[in-house]
Amino acid sequence: MNLTHVALSLLLLAPACAKNAPSNLASSSMSGDTVVAMIGSQKVTMAELDKAAGRELFEVRERALDNIINERVIKAEAKKVGLDEDAFLKQQVEKRVPEVSVDEARKFYEENKARLPPQIGGQPFEQVKDMLVKGLTGQNRQRAVGDVVEEIKSKAGVKVMLAAPKVQVA
């Protein structure tokens, strides 16, 4: 499996996993006075948990929101050109990042030969050429996935209103 496929899968899988999570896990379905744990006779409320989670809770919500936005804008753009999300992203990334040339792979090999694992650096270039071309191309394309998604979000006019929690200074 190449790196581009892994990146595309992760981008599209994360929102799907969130969709299948039980809805009773969301704090919004519980009021602040809902008891979420008991320690002997002491109650721990949702409000206490949210306060303790603070920044981490915000970061989880931020990531989940980003996943939802990514999924929706990619799906909309893919639908416009009659492709599924994976095929659309793959097409966009491949259009933007061509395959690494043999000369580029050779240059990388020569500059990094000593740092490469022995099964690669210890072999003549011709024996590892195809693997290097595919690997370097995959790395370049994986980096481009984020750029493609950000460009699509920008065109879609995404505006995020989720605000970070305010920190109280004593």
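Quick notes
- Of all residues in the range 152-164 being exposed (fewer than 13 other Cβ atoms within 10 Å of the Cβ) and not hydroxyl-bearing (Ser, Thr, Tyr), the one that is farthest from Arg72 (Cα to Cα): Ala164
- Only one of the listed residues (Asp147, Asp130) is surrounded by fewer than 12 Cβ atoms within 10 Å (Cβ to Cβ) and of a type in the set (D, E, K, R). That residue is Asp130.
- Tallying residues that are assigned to a loop (DSSP other than H, G, I, E, B) and touching a helix residue (DSSP H, G or I) at 6+ places or on another chain (Cβ under 6 Å) within the range 85-124 yields 4.
- Those residues of the range 84-124 which are of a type in the set (Phe, Trp, Tyr) and farther than 16 Å from Lys134 by Cα, in sequence order: Phe88
- Scanning the range 67-84 for residues that are open to solvent by 60 Å² or more (accessible area, probe 1.4 Å) and either of a type in the set (Val, Ile, Thr) or outside any loop (DSSP other than H, G, I, E, B) (or both) gives Ile68, Arg72, Lys75, Lys79, Lys80, Val81.
- Residue count for the range 111-126, restricted to those that are of a type in the set (D, E, K, R) and within 22 Å of Arg141 (Cα to Cα): 1
A quick yes/no check of all residues on (1) closer than 18 Å to Asp103 by Cβ; (2) without any contact (Cβ under 8 Å) to a residue 12 or more places away in the chain; (3) out of contact with any Pro (no Cβ under 9 Å at 6 or more places or on another chain); (4) not aliphatic (A, V, I, L, M):
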{"position": "Pro117", "(1), (2), (3), (4)": "no, yes, yes, yes"}
{"position": "Asp130", "(1), (2), (3), (4)": "yes, yes, yes, yes"}
{"position": "Val133", "(1), (2), (3), (4)": "yes, no, yes, no"}
{"position": "Thr137", "(1), (2), (3), (4)": "yes, no, no, yes"}
{"position": "Lys153", "(1), (2), (3), (4)": "no, no, yes, yes"}
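- Applying the criterion of being touching a residue at least 24 places away in the same chain (Cβ under 8 Å) and closer than 30 Å to Asp86 by Cβ to the residues of the range 48-62, the residue that is surrounded by the most Cβ atoms within 10 Å (Cβ to Cβ) is Arg61.
The values are calculated or read from the model by the stated rules, or taken from the named source; none is laboratory data. Just so it is clear, the structure is predicted and the values come from calculations on it, not from any experiment. Heads up, the Cβs are rebuilt from the backbone with ideal geometry, glycines too, and the neighbour counts pull from every protein chain shown. These accessible areas exclude ligands, DNA and RNA; they are computed on the full protein's heavy atoms, side chains included. Shrake-Rupley method; radii C 1.70, N 1.55, O 1.52, S 1.80 Å.
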